[in-house]
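Scroll down for the structure; my scribbles are underneath it.
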Amino acid sequence: MYRGGSMPISDEIYFLCMLHNIGMTAPEKSLTIEEISRWTAVEPAKAEESLNRLLKAKYVDVRIVSGVKRYFITADGIRKVLSMYS
Amino acid sequence: MLDRAGNSMDICMLTWEYPPRIVGGIARHCEGLAKTLAKMGHTVHVITLDFPGAPQYEEVEGVKIHRTSVELGHPSFIAWVFIFNHFMEKKIAMISKEVKFDVIHIHDWLVALAGIATKHYLRLPLVLTLHSTEVGRTSGFSNPDSYLIDGVEWWATYESKRVIVTSNSMKREVEEHFHLPQSKIDVIPNAIDTSKYEVKVDREAVKRRYGIAPDERIVLFVGRLVPQKGVEYLIKATSKIVNSHPNARIVIVGDGWMKDHLWNLTISSEHKHKISFLGFLSDSELVELTLSSDVLVVPSVYEPFGIVALEGMAAGVPIVASNIGGLAEIIEHDKTGVLVYAGDPNSIAWGVNRILSDSKYASWLVENAKRKVREVYSWDAVARRTAEVYEKSYGGA
């Protein structure tokens, strides 16, 4: 995907954009890897790999509910996505 | 000030970003405008999107802020935009049961669908502020989303009674690209609250906070890290700046989808240790850092206005900016700043070095720039002119 000029948007940022668009923008709207995989049509292993990188960059955060990891986007992650279209 | 008949207006302002949801300049523009209109005696309802930690409803300095939650999602950004516009319409429909709005004011394409639907439903005049265009942001279309966004922008200009743009260059762009009649367009610049820069800062403490040595001179960039902002050309100018001024440090504030590319460009450069990426900063942190800087560079390759230049001018920081769009209208070369060629690292380095080499020249630019900001870019003047546009739009929806 491209947003201006000839530089493509990385897969990781595109994935972050999808997480935003499906509504994972607050802890109470967090999803599990399986749910994310279903919504985005990205395989669970690939989704987990991308989530770990986004966690490291602090664009995504995680909480544990009943022993299951649930992911949501941080304020910085939201801004990162919105910067593409503003 | 109220309208010419002395009446207070009920204004419905739609924007996808409003503090603390700050992405680009739109949030600050809407905040400044809404607060000043409220101060003038109008009732301003801002309909915006939710953000972590921000309440669903609050009143700040007289502005009634309604934040919309988006209850459905879809991986596609465009689908998400259509969905959030639906929830905005629903919110406005609920508010309009108790409030009789006089005018709807939308900011950019992102809220156009909700604005247009509300115009027809409530039979109200619609005013659009076009802060930028898709064709300008993307330097030409490269995917179907851009064609759709361009279409929505055209549709919004067609449906609006009046179209506000922030510079003459933007007016020309809108006239040519959307074939919009000149008589429908009003040019009203952005503005700035200069009082927030009237604070004393401990420059050494601010520098320490970001790992900058006390004797280093800050060459600041503030903005979204996207191609139109031209940050890569500043990074490429670093060698020529540092060779002339070894104590210069390039400080990049902001985030965006291009950050990884810019980071890779930095770590492959000779002077990578002279470039700092600070990410997104809060308003107060940004004010302190700006006041501690020696030069502010605005190297955009597309800039309908360039509010960051005004912020630097108000803060008393000499500006180096691309000689394009709104920047070329705000800044008078060699009087209120230094204009350089867009997309040209050599030219940017020349401009920065000129300022860093001559403190008397830098001080002279700063004094002229401060005066110009105070005289031309005040929120009172901009809000008064916007209210006049609202009045003009009353001629039937």
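Each reported figure results from applying straightforward, stated rules to the coordinates on display, with no laboratory input. Being a predicted model, the structure only gives us computed values, none of them experimental. Cβ placement follows ideal geometry from the backbone for every residue including glycine, while neighbour counts extend to all protein chains displayed.
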Let me check against my output: what whole-number percent is the relative contact order of region B:133-207, with C-alpha pairs under 8 Å and at least 6 apart?
24 percent
Zone of B:Glu176's modelled label, taken as backbone nitrogen in region B:118-142 under 11 Å from a point 7 Å along Cα→Cβ
none
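For B:207-214, what's the mean count of beta carbons from other chains sitting within 10 Å of each residue's beta carbon?
Across B:207-214, the average partner-chain Cβ count within 10 Å equals 0.
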Run the helix sum for chain B: -39,500 (n - 2.57) per DSSP H stretch of 4+ residues, divided by residue count, reported at 222 nm to the nearest 500 deg cm²/dmol.
-13500 deg cm²/dmol
Which listed residue (B:Ile275, B:Leu110, B:Val163) has the Cα farthest towards the positive end of the charge dipole for chain B, taking +1 on Lys and Arg C-beta and -1 on Asp and Glu C-beta about the Cα centre?
B:Ile275
For the protein assembly as shown, what class follows from the C-alpha gyration tensor (a ≥ b ≥ c being the square roots of its eigenvalues): rounded when a/c is under 1.5, otherwise prolate if a/b is larger than b/c, else oblate?
oblate
So what are the ³J(HN,Hα) numbers for region B:14-22, from phi and the Karplus equation (6.51, -1.76, 1.60; θ = phi - 60°), rounded to whole Hz, Gly and Pro as x?
10, 8, 7, 9, 8, x, x, 7, 10
Evaluate E = 1/(1 + (r/R0)^6) for A:Ser10 and A:Ile64, where r is the Cβ-Cβ distance and R0 equals 30 Å; express this FRET efficiency to the nearest 0.05.
0.60
From the phi of every residue in region B:350-363, what ³J(HN,Hα) in whole Hz does the Karplus formula 6.51 cos²θ - 1.76 cosθ + 1.60 yield, where θ is phi - 60° and glycine or proline is x?
4, x, 5, 4, 4, 6, 5, 7, 9, 5, 5, 4, 4, 5
Tensor-based shape of region B:194-376 (alpha-carbon gyration tensor, a/c under 1.5 rounded, otherwise prolate or oblate):
rounded
Which whole-Hz couplings ³J(HN,Hα) result when phi for each residue of region B:241-255 is put into the Karplus expression 6.51 cos²θ - 1.76 cosθ + 1.60, θ = phi - 60°, listed in order with x for Gly and Pro?
6, 5, 4, 7, 9, x, 8, 7, 10, 7, 10, 10, 10, x, 9
For the peptides B:331-343, B:103-115, what is the packing order when you average, over each peptide's residues, the other Cβ atoms within 10 Å and list the highest mean first?
B:103-115, B:331-343
Quote the charge dipole size of region B:291-344 about the Cα centre in Debye, to the nearest 20; the model charges only the Cβ of Lys and Arg (+1) and of Asp and Glu (-1).
40 debye
Fully extended, how many nm does the chain gain between B:Arg123 and B:Val376 (0.36 nm per residue separation, minus their Cα-Cα distance)?
87.6 nm
Gap separating the Cα centres of region A:21-82 and region B:24-90, nearest whole Å:
25 Å
Here the whole-number average of other chain Cβ atoms within 10 Å per Cβ of A:23-30 is 3
Pseudo-spin-label distance B:Leu281 to B:Lys100, built 7 Å along Cα→Cβ, given in nm, is 4.9 nm
Can you give the charge dipole size of the protein assembly as shown about its Cα centre, rounded to the nearest 20 debye, using +1 on the beta carbon of Lys and Arg and -1 on the beta carbon of Asp and Glu?
400 debye
Residue among B:Ala79, B:Cys12, B:Ala34 farthest towards the positive dipole end of the protein assembly as shown, charges placed on Cβ:
B:Ala34
Cut-off under 5 Å, modelled amide H: who pairs with B:His105 long-range:
B:Cys12, B:Met13, B:Leu14, B:Val127
Could you work out the relative contact order of chain B? I mean the mean sequence separation of Cα pairs under 8 Å and 6+ apart, divided by the number of residues, in percent.
15 percent
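Hey, what did region B:23-71 get for relative contact order, percent, Cα under 8 Å, at least 6 apart? Kindly include the intermediate steps, with their values, before the conclusion.
Numbers: 57 pairs, mean separation 16.5, N = 49.
Reported as a whole number, the value is 34 percent.
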Classify region B:238-287 from the C-alpha gyration tensor, please: rounded if a/c falls under 1.5, else prolate or oblate depending on whether a/b exceeds b/c.
oblate
Give the long-range amide H neighbours of B:Val251: residues separated by 5 or more places, or on another chain, with amide H under 5 Å away, using H modelled in the peptide plane at 1.01 Å from N.
B:Val219, B:Leu220, B:Phe221, B:Ser276
Compute the long axis of helix A:44-56 from its Cα atoms, compare it with the longest principal axis of the Cα atoms of chain A, and write down the angle in degrees, 0 to 90, nearest 10.
80 degrees
Simple Cβ-charge dipole of chain B, Lys/Arg +1 and Asp/Glu -1, about Cα centre, in debye nearest 20
360 debye
If we sort B:76-89, B:358-371, B:244-257, B:185-198 on the protection proxy, mean other Cβ atoms within 10 Å, highest first, what's the order?
B:244-257, B:76-89, B:185-198, B:358-371
How many Cβ atoms of partner chains, on average, are near each residue of A:10-20 if near means within 10 Å of its Cβ?
3
Distance between modelled label sites at B:Glu388 and A:Arg38, nm, 7 Å Cα→Cβ extension
5.8 nm
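Rounded to the nearest 0.05, what FRET efficiency do B:Ala213 and A:Leu55 give with R0 = 22 Å and r taken as the Cβ-Cβ distance? Could you check?
About 0.10, to the nearest 0.05.
By per-residue mean of other Cβ atoms within 10 Å, what is the highest-first order of B:260-272, B:302-314?
The peptides rank, most packed first, as B:302-314, B:260-272.
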